[in-house]
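Reading through the structure tokens given below for one structure.
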Amino acid sequence: MTGISFSWGKHSWSSTSRGMYTLRGRVADSSGGWMHMTLRHPYEDHALRFDQHTRPYRAVDALRLESLLRQLVDGGRLHLLGDPDWVGRAVAHLTGGKNSWITNRALQRAATEAMATADHPGGP
């Protein structure tokens with residue numbers, strides 16, 4: 001079982017809340033958060049802290065990034081995170097847009113489109 005998820009809060013063991021958002025769709029907790037990863041089976045879990053952000057994250061952008069990372073893990077393409085140009089193109093495609101109702105299907109579609117855009121920078 002491999003996977004990646006985000007949680008918000010000062011401590012990794014108490015940051016199971018994934019629903020602390022402002023009315024404008026921003027992540028409410030300013031103390032940062034954690035990226036939780038299960039990299040190998042069986043259960044090699046790691047948590048990386050992030051707290052050096054200059055502005056609050058939009059919840060929809062964080063969820064889209066999480067979906068992108070999950071697809072990279074599932075597809076065996078995690079090595080692409082070592083290519084700053086690829087990451088820049090993918091993340092640029094994920095950010096912005098409407099902050100509307102988010103479903104798993106919509107998140108997966110956004111991640112798939114971001115990967116395709118990053119894979120083919122000049123177009124299809």
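The values are calculated or read from the model by the stated rules, or taken from the named source; none is laboratory data. Quick caveat: nothing in here was measured; it's all calculated off a predicted structure. Neighbour counts are summed over all protein chains in view; Cβ atoms, including those assigned to glycine, are modelled from backbone coordinates with ideal geometry. Surface accessibility is based on the protein's heavy atoms, side chains included, excluding ligands, DNA and RNA. Shrake-Rupley method; radii C 1.70, N 1.55, O 1.52, S 1.80 Å.
For the subset of segment 17-33 comprising residues that are part of a strand (DSSP E or B) and open to solvent by less than 40 Å² (accessible area, probe 1.4 Å), which member is modelled with the highest pLDDT?
Result: Gly33.
For segment 69-90, which positions are surrounded by 12 or more Cβ atoms within 10 Å (Cβ to Cβ) and part of a loop (DSSP other than H, G, I, E, B)?
Arg77, Asp83 - these are the residues of segment 69-90 that are surrounded by 12 or more Cβ atoms within 10 Å (Cβ to Cβ) and part of a loop (DSSP other than H, G, I, E, B).
If Asp51 satisfies all but one of (1) modelled with pLDDT of 65 or more; (2) closer than 20 Å to Ala111 by Cβ, what's the number of the condition it fails?
For Asp51, the exception is condition (2).
Enumerate the pairs (first residue in segment 56-69 and under 17 Å from Ile4 (Cβ atoms) and modelled with pLDDT of 80 or more; second residue anywhere and aromatic (Phe, Trp, Tyr) and not in a helix (DSSP H, G or I)) with beta-carbon separation below 8 Å, excluding pairs fewer than 6 apart on the same chain, so at least 6 apart or on different chains.
Here the result reads Leu65/Phe6; Glu66/Phe6, each pair linking segment 56-69 to a residue that is aromatic (Phe, Trp, Tyr) and not in a helix (DSSP H, G or I).
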